[in-house]
1. Does Asp42 meet the test of being under 18 Å from Glu13 (Cα atoms) and in contact with a helix residue (DSSP H, G or I) (Cβ under 9 Å, 6 or more places away or on another chain)?
2. Kindly check whether there is at least one residue in region 128-136 that is polar (S, T, N, Q), under 18 Å from the mean Cα position of the chain (by Cα) and not in a helix (DSSP H, G or I).
3. In region 1-43, how many are among the β-branched types (Val, Ile, Thr), free of Cβ contacts under 8 Å to residues at least 60 places away in the same chain and within 18 Å of Leu95 (Cβ to Cβ)?
4. Can you spot a residue in region 9-19 that is closer than 17 Å to Pro157 by Cβ and either touching a Leu at 6+ places or on another chain (Cβ under 6 Å) or hydrophobic (A, V, I, L, M, F, W, C) (or both)?
5. Could you check, for region 90-101, whether at least one of its residues is at pLDDT below 95, out of contact with any strand residue (DSSP E or B) (no Cβ under 8 Å at 6 or more places or on another chain) and not in a helix (DSSP H, G or I)?
6. Please determine, by comparing only the residues of region 64-75 that are over 13 Å from Ala133 (Cα atoms) and in contact with a Ser or Thr (Cβ under 9 Å, 6 or more places away or on another chain), which one is surrounded by the fewest Cβ atoms within 10 Å (Cβ to Cβ).
7. Do you know which of the residues in region 140-158 that are exposed (fewer than 12 other Cβ atoms within 10 Å of the Cβ) and over 11 Å from Val4 (Cα atoms) is nearest to the chain's Cα centre (by Cα)?
8. I need a count of the residues in region 69-87 that are farther than 24 Å from Glu26 by Cβ and either part of a strand (DSSP E or B) or charged (D, E, K, R) (or both).
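The values are calculated or read from the model by the stated rules, or taken from the named source; none is laboratory data. Please read all numbers here as calculations on a predicted model, not as lab measurements. Glycine gets a Cβ as well: all are built from the backbone with ideal geometry, and neighbour counts include every protein chain shown.
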Amino acid sequence: MTTVDQILGGVRERLDTAPAGAVVLERIARGGGATRWFVCRDRDALTAIAAELSPGSVVSFYFDGRIAERRFEPGLRSDVERIARETGEAILAQLGPDSLELEIEYVTALSEYDEYVEILGSHSTLFVGTFPARDNDGVDAITVTIPDRDGVVRAHPH
C-alpha cells in the first residue's frame with residue numbers, strides 16, 4: 001500500500017531548496033478535465049495541500065516560475081497579451097481566501113484581461129503563465145499520481 005506521504009517525499013525535499021516554493025496543478029481523476037491549483041511555499045503548506053488532493057489525481061509541482069507570481073506593473077498587460085497570442089490562452093490567478101488554493105482565469109484576449117483587472121483592482125498579486133505540461137525532471141517540476149483510497153496507484157483518465 002502506497003501513501004500520499006510516501007509519494008510526496010521528493011517534493012518535500014525539493015521544497016527545502018526552492019526559495020519561492022511551487023505552483024501546484026492537480027488534474028482530477030475521471031474529472032473530465034477538472035483541475036485545482038495551489039501555491040505551496042513550504043512543508044506546512046504541502047501538508048495542507050496533500051490533505052485536499054483527490055485519490056487518483058495526477059499532481060504536478062512547478063518550481064521554475066513558469067507560472068510566476070507577479071505584481072501589477074506596466075509590462076504585465078503586454079506579457080499576458082504575448083502569452084495568449086503565442087499559446088492561445090494565458091493563465092491568470094489570484095490566491096483564494098485560504099492562501100493556498102489559486103482561483104484561475106483563462107484569458108484569450110486583452111479585453112478579458114482588462115475585465116479581470118477591473119474586478120480585481122491593481123493592488124493584487126497575480127500568478128501568470130501558460131497551462132503547463134506534466135513535466136517530471138525532479139528539479140523544475142515533479143509530477144506524481146496520488147494513490148486511490150485503497151493505496152494502489154492506478155492510471156485514470158484526467
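1. yes
2. Checked region 128-136: at least one residue is polar (S, T, N, Q), under 18 Å from the mean Cα position of the chain (by Cα) and not in a helix (DSSP H, G or I).
3. Quick first cut of region 1-43, residues among the β-branched types (Val, Ile, Thr) only: 2-4, 7, 11, 17, 23-24, 28, 35, 39.
Going one step further and asking which of them are free of Cβ contacts under 8 Å to residues at least 60 places away in the same chain, we end up with 17, 24.
Of the ones still in play, those that are also within 18 Å of Leu95 (Cβ to Cβ) are 24.
So the count comes out to 1.
4. No - not one qualifying residue is present in region 9-19.
5. Among the residues of region 90-101, at least one is at pLDDT below 95, out of contact with any strand residue (DSSP E or B) (no Cβ under 8 Å at 6 or more places or on another chain) and not in a helix (DSSP H, G or I), which makes the answer yes.
6. Among those that are over 13 Å from Ala133 (Cα atoms) and in contact with a Ser or Thr (Cβ under 9 Å, 6 or more places away or on another chain), it is Arg71.
7. That would be Pro157.
8. Of region 69-87, the ones farther than 24 Å from Glu26 by Cβ are 71-79, 81-82, 85-86.
The next check asks that each one be either part of a strand (DSSP E or B) or charged (D, E, K, R) (or both); those that pass are 71, 73, 77, 79, 81-82, 85-86.
Adding up the residues that qualify gives 8.
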